[in-house]
Amino acid sequence: MKTMRVMVLAIAVMSALAVTACGTAKDQGGTRISLALDWFPNSNHAGIFEAVERGYFKDEGLDVRVYTPADPSTVLQTVGAGRDDFGISYQPDLLQARSESIPVVSVLAIVQHPLNSVMALAPSGIDSPGDLKGKKVGHPNIASNRAMLATMLATEDVRLTDVELVDVGFDLVPALIGGRVDAVVGAYWTHESIVMEEQGYKVNIMRMEKHGVPDFYELVLVTNEDTLKNRKDVVEKFVRAFRKGFEVAIANPQGSIDTLIKHNPDTVNQPVERKGVDVLQPMWKAEAPKFGWQAEERWVGFANWMKKEGFVKETLDPKAAYTNEFVR
């Protein structure tokens, strides 16, 4: 989750230890594959560790190393350059990367709708974008977050200049519960809201796709164009095992958290992830015909919004940014 910097030490430690999901090629045999996560292991990754635990990757002849990079924001660069075979990233980021000629492609959608949101403490009475007029809104200094907030405000005839933007970095939760701001944008309604509720703070959540922002896939599984062209059999095997792991997690979300904890006993916040997975579980498939499916209109619609906001080039072809070939 790119909007959070909590447990940075845990990320660094995991990276330094080179967390290995299925052993090394020497130990296990098979084609060695690296999967770079977007954040430290959490409920969004439950299906991955089910695939590891149940040997689905191994059954496909793949020796998969799952790890969190020291800087997760580099996942698209390392996958694009071939230093990682696969990575977990976000639809908006992937479109920006392709606009910058980084040859990454989404082969599967993990979360069918945005997790990013605007949040305010319930006692504030702020429960719609229009209520933000004249208020302080904390943000993590990410341009797309500000643009999404502007789009949400516009649905209720409020301009971005009508709110006071406060750069709080990634200290979104402390800024909100500490009273520095009246609301925050960039917080995940499947995580930060639960963190705050665990501390006794009730939260009002404004989901982006319900307030004017075009619907988009939050998490996607990515590889690069060269891998798709020259190692299609590996992609097919990897996606097949990956999907089987998430199908297990969808069927038994709490059991998947048991597996997540087993593989990451020192980094998982159990109360938060147990609540989080129950919220995420319906988001993994939602209205899609099958887990992982990606709709053309979702890619085109969000790309058009990004073009309008100046985040990607007009020449960007969103239809080339994804494939359903391995989900059929």
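Quick notes
- Every residue from segment 215-228 that is of a type outside the set (S, T, Y), within 15 Å of L94 (Cβ to Cβ) and either free of Cβ contacts under 8 Å to residues at least 40 places away in the same chain or in a loop (DSSP other than H, G, I, E, B) (or both): F216, E218, L219
- Of the residues making up segment 139-189, those that are more than 21 Å from M306 (Cβ to Cβ), in a loop (DSSP other than H, G, I, E, B) and of a type in the set (A, V, I, L, M, F, W, C) number 6.
- Here segment 267-292 is the region considered, the condition is being under 18 Å from W189 (Cβ atoms) and among the hydrophobic types (A, V, I, L, M, F, W, C), and the residue that is surrounded by the fewest Cβ atoms within 10 Å (Cβ to Cβ) is A286.
- Qualifying residue in segment 23-31 (condition: over 24 Å from M148 (Cβ atoms), at pLDDT 95 or above and assigned to a helix (DSSP H, G or I)): no
- Contact annotation: residue pairs with Cβ atoms under 7 Å, 6 or more positions apart or on different chains, pairing a residue in segment 168-180 that is exposed (fewer than 14 other Cβ atoms within 10 Å of the Cβ) with a partner that is at pLDDT below 95 and in a loop (DSSP other than H, G, I, E, B), are G169/P140; G169/N141.
- If the condition is being under 16 Å from the mean Cα position of the chain (by Cα) and more than 12 Å from G82 (Cβ to Cβ), then segment 211-226 contributes D215, F216, Y217, E218, L219, V220, L221, V222.
- When residues in segment 297-328 are screened for being in contact with a Phe, Trp or Tyr (Cβ under 9 Å, 6 or more places away or on another chain), surrounded by fewer than 18 Cβ atoms within 10 Å (Cβ to Cβ) and touching a residue at least 40 places away in the same chain (Cβ under 8 Å), 2 of them pass.
- Qualifying residue in segment 156-163 (condition: of a type outside the set (S, T, Y), modelled with pLDDT of 95 or more, in contact with a Gly (Cβ under 6 Å, 6 or more places away or on another chain) and outside the structural domain of V279 (by TED's automatic domain parsing)): yes
The values are calculated or read from the model by the stated rules, or taken from the named source; none is laboratory data. Quantities reported herein were computed from a predicted structural model and do not represent experimental measurements. So basically every Cβ, Gly included, is an ideal-geometry build from the backbone, and we count neighbours across all protein chains shown.
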